[in-house]
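Values quoted throughout were computed directly from the atomic coordinates according to the rules given, and no laboratory measurement underlies them. Note that the structure is predicted; figures quoted are calculated from it, not measured. Cβ placement follows ideal geometry from the backbone for every residue including glycine, while neighbour counts extend to all protein chains displayed.
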Amino acid sequence: QVQLVESGGGLVQPGESLRLSCVASEFAISTAFMSWYRQRPGKERELVARITNGGSTNYADSVKGRFTIPRDNAKNTVYLQMNSLKPEDTAVYYCNLGHYGLNCWGQGAQVTVSS
């Protein structure tokens, strides 16, 4: 059974950085589309960043230039590197694995940006 385990959330001040990790078990992430979504308070879940099996990436306009989604295939881990964090980045962040009919979610990681 495919499982995704996220870590790295927490409380940071505006302008600081944070890195989320998502480790996959029972599936090679190098063959999948790996994505980070977030759900801000009172909002619907939205796509933040994605990396394809070919290594192409795309980002939400709100995080372009600040967030990146590196992948370490040897560790079967995808990251979300978040720089220059803003209060509006406060959300629960979810890792997602997509591969044909497979759609798997992590448990979520809370990120709070506040002074």
Tell me which residues, restricted to the range 21-57, are out of contact with any Ser or Thr (no Cβ under 7 Å at 6 or more places or on another chain), touching a residue at least 60 places away in the same chain (Cβ under 8 Å) and of a type in the set (A, V, I, L, M, F, W, C).
ALA24, PHE27, ILE29, ALA32, MET34, TRP36
Tell me, which strands (runs of 3 or more DSSP E) wholly within the chain include 3 or more residues that are surrounded by 17 or more Cβ atoms within 10 Å (Cβ to Cβ)?
18-25, 33-39, 46-51, 77-82, 91-99, 109-113
Only unsatisfied item for VAL113, checking (1) in contact (Cβ under 8 Å) with a residue 60 or more places away in the chain; (2) out of contact with any helix residue (DSSP H, G or I) (no Cβ under 9 Å at 6 or more places or on another chain), is (2)
Restricting attention to the range 75-115, which residues are within 12 Å of GLN3 (Cα to Cα) and of a type in the set (Phe, Trp, Tyr)?
TRP105
